[in-house]
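The structure under discussion appears below in the form of C-alpha cells.
Taken together, the values in this text are just the output of simple stated rules run on the coordinates, not laboratory data. What you see is a predicted model; the values in this text were computed from it and never measured. Backbone-built Cβ (ideal geometry, glycine too); neighbour counts: all protein chains shown.
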Amino acid sequence: MTPTPQQLANRTRLLLALRAPMPSRFTWQFNKVREPHGCGYVGCAMGLAMELGIVADPTVGNMADALSLGIDVSRAVFYPDGNEYLNEPTAVGYDVPYESVTPEMVADHLERAIINQEGPEA
C-alpha cells in the first residue's frame with residue numbers, strides 16, 4: 001500500500017506532535033481509552049490525532065486509514081492488547097506497563113512499524 005500525500009502529512013504531523021510537549025489540557029495516559037479525561041477523550045495517541053484533525057473518530061481502523069497502516073499495525077501501535085489491557089502486566093510491543101508508555105515510545109513504535117510495513121525508504 002502506497003500512502004497518499006495526505007497520509008504522509010498525517011504521519012509527519014502525528015510524529016512531530018508525539019515528540020513535542022503535550023497540549024496543556026492533555027494528561028498523557030496511554031492506558032486510558034474513551035475516558036472523559038486525559039488526552040482529549042481517548043487514549044493519548046489517538047486522542048492527539050483527533051485533536052490534530054487527523055481523525056474525527058479515534059478508532060484503530062480510522063487511524064489505519066488516516067496513516068496508511070495495516071489494521072494489525074495500527075492496533076499494535078495505538079491499542080495493543082485491545083480491551084484486555086487490564087489483564088496484561090505490560091503493553092505488547094512496548095515491554096513496559098501501560099502507564100509507563102510515553103509519547104516518544106509511541107512515535108518510535110510508529111516509525112518502526114512504518115519501516116517494517118513499507119521498507120527502509122519509507
What order do you get for 96, 55 when you list them from fewest to most C-beta neighbours inside 10 Å?
96, 55
Quick note on 63, 105, 1, ordering by fewest other C-beta atoms within 10 Å, gives 1, 105, 63
